[in-house]
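The values are calculated or read from the model by the stated rules, or taken from the named source; none is laboratory data. Just so you know, these numbers come straight off a predicted model, no measurement behind them. FYI the Cβ positions are ideal-geometry reconstructions off the backbone, even for glycines, and counts take in every protein chain you see.
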Amino acid sequence: MDILVVGGGGREHAIIRKLRESPQAGTIYAAPGNGGIAADAVCVDIKATDLKGMVAFAKEKKVDFVVVAPDDPLVLGMVDALAEAGIPAFGPTKAAAAIEGSKVFSKNLMKKYHIPTAAYETFDDPDKAIAYLDAQNRYPTVIKADGLALGKGVVIPENREDAVRAIHSMMEEGQFGESGRRVVIEEFLQGIEVSVLSFTDGKIVVPMVASMDHKRAHDHDEGLNTGGMGTIAPHPLFTPEVEARCMKEIFLPTIEAMKKEGREFRGCLYFGLMLCADGPKVIEYNCRFGDPETQVVLPLLDGDLLDIMRATAEGRLSDVAVGRKPGAAACVIIASGGYPFSYQKGYPIHGLDANGQAPGVTVYHAGTQCRDGQYLNNGGRVLGVTAVGETLRQALDTAYCAVKAIGFQDSFYRTDIGAKVL
Ligand code: AMP
Ligand code: GLY
């Protein structure tokens, strides 16, 4: 089967690597892919959000199956557009992708169906938002842009002044464009964060191994929120008992709620959870695989990813085996100096072989370009250096040993991935 994977980051590289293990996989195309992905797939220069271009390419190449990995094409309706052209695809429809595309929608869904989450109110008038902040007068508080904002639409102000500034910049100055015209203000939850990526065909939910992301740019959770600076799996605090509780109180109620709303979800549903003193709560849903969670979750997936994805898309997920391998995985992101603010591109990366890899680890490319055989940094997050080991400690040691030998001008990485739970 010829497959087209939409997207061009570390997540897509990890998906492609896993798809390649399937005996049924034929040619794999990546659109747009990146310099490192080009070692594993045929990269085509189509923007991930170009619905028409993507459908036309899939038709021209008679692609058998499309995997739509990033949030924006899903929220724009790429899976619907492919379906109209008769091309099967993995990923939710536009209606179902609203679970990530609109925080107002997802919060209201949770309220309506009694799914545990932080208490909240939604606002489209900045004066009312500020009046609410003053009535609550509780900091830190959490302010979220309604729509997609590249993972940067959440601020956690510690005081009124910062909160009011965030309201103004999102709702009046258009910091996130239309995405921030409406906001959610919610209770700050204390606890341990867990990311659970699951397959669901709208009928059953099959969680993969739980993982822990590290969102802040620098060690000890300092600096700004990023897309994620490193991950580990399995999450040591997500015990089978907690998982069983989440299945009953969160996972199944969510897919049933989506079905009742006429938005049956088929694809990868990502549950961003907070394990609080009074039980697990939803921080956010994503309508897709997480990045860089995927880089540790898929190496521990025991199963044929192509089979699983097709079964998910066809509504027969219960027919396929979705297992978990023993051991642990760790992924350390190497980023460009300055990220998540502005950064320079085009620096040569040292420590990689001709295929963009390094000994003992798998290097997933998030933002690279390859020119005349030389890999160059070409994004904020550049590489995800991933190792698998019998224990988390072994996986981390192997990953960090490789990370130390890879770099480029001004590159940086967090030195404390997984440290909190070792
Ligand atoms: P989100 O994009 O909704 O995942 O938010 C980004 C990050 O902000 C999360 O991973 C959490 O670390 C943090 N966050 C979001 N909502 C809350 C909340 N209600 N309480 C505490 N932290 C939160
Ligand atoms: N790493 C968080 C996300 O993919 O949204």
For segment 7-54 the number of residues that are farther than 20 Å from Gly384 by Cβ and acidic (Asp, Glu) is 2
Those residues of segment 152-168 that are out of contact with any helix residue (DSSP H, G or I) (no Cβ under 8 Å at 6 or more places or on another chain) and either charged (D, E, K, R) or surrounded by fewer than 16 Cβ atoms within 10 Å (Cβ to Cβ) (or both) come to a total of 7
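Residue-wise test of (1) within 14 Å of ligand 1 (Cβ to nearest atom); (2) surrounded by 23 or more Cβ atoms within 10 Å (Cβ to Cβ); (3) of a type in the set (Phe, Trp, Tyr).
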site	(1), (2), (3)
Val206	no, no, no
Glu222	yes, no, no
Ile232	no, yes, no
Val242	no, no, no
_Tell me whether segment 381-393 contains one or more residues that are in a helix (DSSP H, G or I) and not hydrophobic (A, V, I, L, M, F, W, C)._
yes
Condition set without any contact (Cβ under 8 Å) to a residue 40 or more places away in the chain and assigned to a loop (DSSP other than H, G, I, E, B), scope segment 365-380, selection nearest to His235 (Cα to Cα): answer is Gly373
Margin query: Condition (residue is within 16 Å of ligand 2 (Cβ to nearest atom) and either at positive phi or modelled with pLDDT under 95 (or both)) applied to segment 103-116: is it met by at least one residue?
Written below: yes
Within segment 41-67, the count of residues that are under 19 Å from Leu150 (Cα atoms) and either in contact with a Phe, Trp or Tyr (Cβ under 7 Å, 6 or more places away or on another chain) or among the basic types (Lys, Arg) (or both) comes to 1
Screening Gly191, Gly228, Gly180 for residues that are within 15 Å of ligand 1 (Cβ to nearest atom), crowded, with 20+ Cβ neighbours inside 10 Å and in contact (Cβ under 8 Å) with a residue 40 or more places away in the chain leaves only Gly228
When segment 282-297 is checked residue by residue, the ones that are aliphatic (A, V, I, L, M), near ligand 1 (Cβ under 10 Å from one of its atoms) and out of contact with any Pro (no Cβ under 7 Å at 6 or more places or on another chain) are Ile283
Listed by first then second residue, the pairs whose first member lies in segment 140-160 and is farther than 18 Å from Met229 by Cα and within 11 Å of ligand 2 (Cβ to nearest atom), whose partner is among the acidic types (Asp, Glu) and outside any loop (DSSP other than H, G, I, E, B), with beta carbons under 7 Å and at least 6 positions apart or on separate chains, are Leu148/Asp71; Leu148/Asp72
Within segment 396-420, of all residues that are in contact with a strand residue (DSSP E or B) (Cβ under 7 Å, 6 or more places away or on another chain) and of a type in the set (Val, Ile, Thr), the one farthest from Val361 (Cα to Cα) is Ile417
For segment 343-358, state whether one or more residues are of a type in the set (Phe, Trp, Tyr) and under 18 Å from the mean Cα position of the chain (by Cα). no
Of (1) within 16 Å of ligand 2 (Cβ to nearest atom); (2) modelled with pLDDT of 95 or more, Met247 satisfies every one except (1)
Practice item. State whether the residues of segment 333-343 include one that is part of a strand (DSSP E or B), at pLDDT 95 or above and not small (Gly, Ala, Ser). Key: yes
Selection from segment 388-420 of residues crowded, with 22+ Cβ neighbours inside 10 Å and in contact with an Asp or Glu (Cβ under 8 Å, 6 or more places away or on another chain) yields Arg414
Apart from one, (1) within 13 Å of ligand 2 (Cβ to nearest atom); (2) surrounded by fewer than 24 Cβ atoms within 10 Å (Cβ to Cβ); (3) over 26 Å from Thr93 (Cα atoms) all hold for Pro236; the odd one out is (1)
Just one listed residue, out of Tyr400, Tyr375, is hydroxyl-bearing (Ser, Thr, Tyr), closer than 11 Å to Gly36 by Cβ and more than 21 Å from the chain's Cα centre (by Cα), and it is Tyr375
When every residue in segment 210-220 that is surrounded by fewer than 23 Cβ atoms within 10 Å (Cβ to Cβ) and within 16 Å of ligand 2 (Cβ to nearest atom) is compared, the one farthest from Pro280 (Cα to Cα) is Ala217
If we keep only residues of segment 53-77 that are surrounded by fewer than 24 Cβ atoms within 10 Å (Cβ to Cβ) and among the small types (Gly, Ala, Ser), then the residue nearest to Ala313 (Cα to Cα) is Gly77
Selection over segment 397-422 where residues are outside any loop (DSSP other than H, G, I, E, B), of a type in the set (Gly, Ala, Ser) and farther than 23 Å from Leu376 by Cβ yields a count of 1
In segment 220-249, residues that are in a helix (DSSP H, G or I) and touching a strand residue (DSSP E or B) at 6+ places or on another chain (Cβ under 6 Å) total 1
Residue set Arg381, Arg393; condition under 21 Å from the mean Cα position of the chain (by Cα) and basic (Lys, Arg); output residue Arg381
Among Met212, Met247, the single one that is closer than 30 Å to Lys260 by Cα and in contact (Cβ under 8 Å) with a residue 40 or more places away in the chain is Met247
